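Contents: one structure, followed by commentary.
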Amino acid sequence: MYRDVSSCNTYNYGDAVYWDARYMQEGGSFDWYQRYAALRPFVRKYMPTSSRILMVGCGNAVMSEDMVQDGYEDIMNIDISAVAIDMMKKKFEYIPQLKYMQMDVRDMSFFPDDSFDGVIDKGTLDSLMCGTDAPISAAQMLAEVCRLLKPGGTYLLITYGDPTVRMPHLGRRMYNWKVTLYNIPRPGFQKPESCSSSRKSLLEPIPLDEKGFIPKDWVLEDPDSHYIYVCRKVDDAEIDDQLTYRLAANLL
């Protein structure tokens, strides 16, 4: 598992200094990859509005505000940049459903185990994969995400990374995640009339082969689309049921 250089540049996106400087220079808000309107079908499908949600790497995005307007009641937003957190605290101090804390996703020990029903990540893992010690940083973050998720909870990862570069991280057995993959075209993408897709609906999962990769004959509508990994934390009872089933199958 190597550093993901496919969409990286010379910036160290895992460094708080870089993000503090960027947020001091930039005003307004910015949502990476996709706005909530495009992601809403997936969020609503896997995370009820009553869920306690952790938004990692919130930056200055308005996705959390959009989710509150859509009925979500409890969203904890964290970011490595103190500048971004101070900015967002002031901007949304009138919305009690939104909370903000400066925190590094590689160490979220402030929160006890099983604290959240859902974790949403829109580009944060990607940022770490562009930084130094990328595999170590990714493992630290994903272990923390898994620890904080309640059994049956969902980690929703929105990323540019296809399964060849993300499943080696997400598919580690220690996480006990059942992964379902979707993809969504880039904002503004216009489908060519001659383009034929293997999918009938955005909410139709992409089938994965035995390695967790996309089959070679699967046609993506947008070759540069974003991927949505829905990682559900399997609870102990479900693991026991799976083991019982496998043992019974071996005895037949």
### Task
Between Lys89 and Lys150, with labels modelled 7 Å along Cα→Cβ, what's the label distance in nm to one decimal, could you check?
2.8 nm
### Query
Could you state the number of Å between the C-alpha centres of the range 51-87 and the range 220-234?
21 Å
### Message
Taking the Cα centre as origin and putting +1 on Lys and Arg beta-carbons and -1 on Asp and Glu beta-carbons, what dipole magnitude results for the range 28-187, to the nearest 20 debye?
### Response
440 debye
## Note on the structure
Expected unfolding gain across Trp218-Phe189 under the 0.36 nm per residue rule, minus the alpha-carbon gap, is 8.5 nm
### Query
Listed here are the pairs Lys89/Lys191; Lys45/Lys91; Lys45/Lys99; Lys122/Lys191; which of them are more than 32 Å apart at the Cα?
Lys89/Lys191
### Query
Heavy-atom accessible area of Asp104 with all protein chains present, probe 1.4 Å, nearest 10 Å²?
50 Å²
### Query
Which value, in Å², gives the accessible area per residue of the chain when a 1.4 Å probe is used on the protein heavy atoms?
51 Å²
#### Entry: Residues Arg173 and Arg40, FRET efficiency given R0 of 25 Å [Cβ-Cβ distance, rounded to 0.05]
0.20
### Message
If packing is taken as the average count of other Cβ atoms within 10 Å, what order do 111-123, 28-40 fall into, highest mean first?
### Response
111-123, 28-40
### Task
Of the options Phe92, Met174, Val17, report the single residue whose Cα projects farthest towards the positive end of the charge dipole of the chain (beta-carbon charges: Lys, Arg +1; Asp, Glu -1).
Met174
### Query
Once fully extended, how much extra length lies between Arg52 and Glu210, figured as 0.36 nm per residue of separation less the alpha-carbon to alpha-carbon distance?
53.6 nm
### Query
Using the Karplus equation 6.51 cos²θ - 1.76 cosθ + 1.60 (θ = phi - 60°), what ³J(HN,Hα) coupling, rounded to whole Hz, does each residue of the range 210-223 give in order, writing x for Gly and Pro?
5, 8, x, 9, 6, x, 5, 8, 7, 9, 7, 4, 10, x
### Query
On full extension of the chain, what length is gained from Phe110 through Gln69, given 0.36 nm per residue of separation minus the C-alpha to C-alpha distance?
12.0 nm
### Query
Over the alpha carbons of the chain, what is the largest minus smallest coordinate on each principal axis, giving the biggest first in Å?
63, 49, 38
### Query
Can you pull the percent of the range 30-116's accessible area that's carbon plus sulfur, 1.4 Å probe, other chains left in place?
51 percent
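The values are calculated or read from the model by the stated rules, or taken from the named source; none is laboratory data. Source: prediction; values computed, not measured. As a convention, Cβ positions derive from the backbone with ideal geometry for all residues, glycine included, and neighbour counts pool all protein chains shown. Surface areas here come from the heavy atoms of the whole protein model, side chains and all, with no ligands, DNA or RNA. Shrake-Rupley method; radii C 1.70, N 1.55, O 1.52, S 1.80 Å.
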